[in-house]
1. Return the total of residues in segment 239-264 being at pLDDT 95 or above, within 30 Å of residue 296 (Cα to Cα) and open to solvent by 40 Å² or more (accessible area, probe 1.4 Å).
2. Among the residues of segment 66-89, is there at least one that is closer than 26 Å to residue 23 by Cβ, in a helix (DSSP H, G or I) and touching a residue at least 60 places away in the same chain (Cβ under 8 Å)?
3. If you take the residues in segment 98-130 that are more than 27 Å from residue 309 (Cβ to Cβ) and among the β-branched types (Val, Ile, Thr), which one is most open to solvent (accessible area, probe 1.4 Å)?
4. Any chance you could count how many residues in segment 286-307 are charged (D, E, K, R) and more than 20 Å from the chain's Cα centre (by Cα)?
5. Only one of (1) in a helix (DSSP H, G or I); (2) open to solvent by 20 Å² or more (accessible area, probe 1.4 Å); (3) within 25 Å of residue 294 (Cα to Cα) is not met by residue 197, so which one is it?
6. If you check residue 233 against the conditions, is it open to solvent by less than 20 Å² (accessible area, probe 1.4 Å), within 30 Å of residue 335 (Cα to Cα) and over 21 Å from the mean Cα position of the chain (by Cα)?
7. Filter segment 132-157 down to the residues that are of a type in the set (Asp, Glu) and modelled with pLDDT of 95 or more and list them by number.
8. Quick check on residue 204: is it free of Cβ contacts under 8 Å to residues at least 60 places away in the same chain, open to solvent by 20 Å² or more (accessible area, probe 1.4 Å) and within 22 Å of residue 35 (Cβ to Cβ)?
Amino acid sequence: MKPKEYLSTQAQGLWHKLIDNAHNIVVMGHSGPDGDAMGSILSLARYLKTKGKHVTPVTPNPCPDFLRWLPGIETVVQAGTADNKAETALRACDLIIYCDFSVLNRVDDLASIISQLNTPAIVIDHHINPQIEADLIISDTSASATCEIVASILYQLDPDCLRDKTTATCLYCGIMTDTGAFAYNSDHPEIFIITALLMQAGIDRDRIYRNVYYNYSESRMRLLGHILKDNMIYVKNRHAAVFTLTTEEMRQYNFVRGDAEGIVNLPLQIRGTRLSISLREDTEKPLVRVSLRSVGDFPCNKMAEEFFNGGGHLNAAGGTLPKPISQAIETALKAIEEYSSLLI
């Protein structure tokens, strides 16, 4: 058994045409980049550099602290800095590869720049309903992670790529984080075929796990305890939980980017719980960030679309609501009640 072949003969020809004709390539991840976004852009950038391309990995804002060990992270540029490197790279590039997103609202203020460009583009993603116009769209909603798709593409183009330890480390990190260390979205054999190929490159799976999940501060652990003790609303007869995190609480607990990662999954450890909703005040904009996680066949993506101006996957989705957070709580509780038939 081999990884999926995402590129038909025609698509492979188009891929080579787009890459061969490009000299300055931007590989872009989404706002609030997670392990999958960072793993995708870093592994692709490394591959494209071996082809003699000038490559700039770009994100709208910084990645969380627990991903700053990733090899090549120092090459990533963020939007909104004084030197405007990200914006300059976008305007100067002759190919953009969008990774782990397929709607422009996921790149915040960079969307206005991109919408003015007429640059060839490739989309590589595993979310539903891709909306970015591109010359080549490689999309698979059944894939556990965009890094799974990237790994399959690289294997199809040049199997030796996956023998590079640095590339394999980035790809494995993306797959691991988007599956919660293979706890969800990983019930298909191809993902383990790819993992085996990455392990042949000599990656240290245990170290990658520790770097991501054992890399928090004491303050983050105390914040976690506070949220679960004081901020979690458990709707027992609906097998659902809602919790909040305000900017004042973030200040009190010395919050750094990434400290909220994974907390939304914890209420799912309560026996019988099917849905967990996180409501977190944004530190820069007057809105509440919403994250949803579920087990089984509960459709987080549909709830996110209907109530939280968002979307995502069946068991993992997100969105936003306007402040105040008290109103966001009311919306979340209303959503739980509206979906009660799927929760009891």
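The values are calculated or read from the model by the stated rules, or taken from the named source; none is laboratory data. In this text, all values refer to a predicted model and were calculated from it rather than measured experimentally. Don't worry about glycine lacking a Cβ; one is built from the backbone with ideal geometry, like all the others, and counts go over all protein chains shown. The accessibility values were calculated without ligands, DNA or RNA, using every heavy atom of the protein model including side chains. Shrake-Rupley method; radii C 1.70, N 1.55, O 1.52, S 1.80 Å.
1. So the answer is 1.
2. yes
3. The extreme case among them is 119.
4. Total meeting the criteria: 2.
5. Result: residue 197 passes all but (3).
6. No.
7. 135, 140, 148
8. Working: free of Cβ contacts under 8 Å to residues at least 60 places away in the same chain: yes; open to solvent by 20 Å² or more (accessible area, probe 1.4 Å): yes; within 22 Å of residue 35 (Cβ to Cβ): yes.
When the stated conditions are applied, residue 204 passes them.
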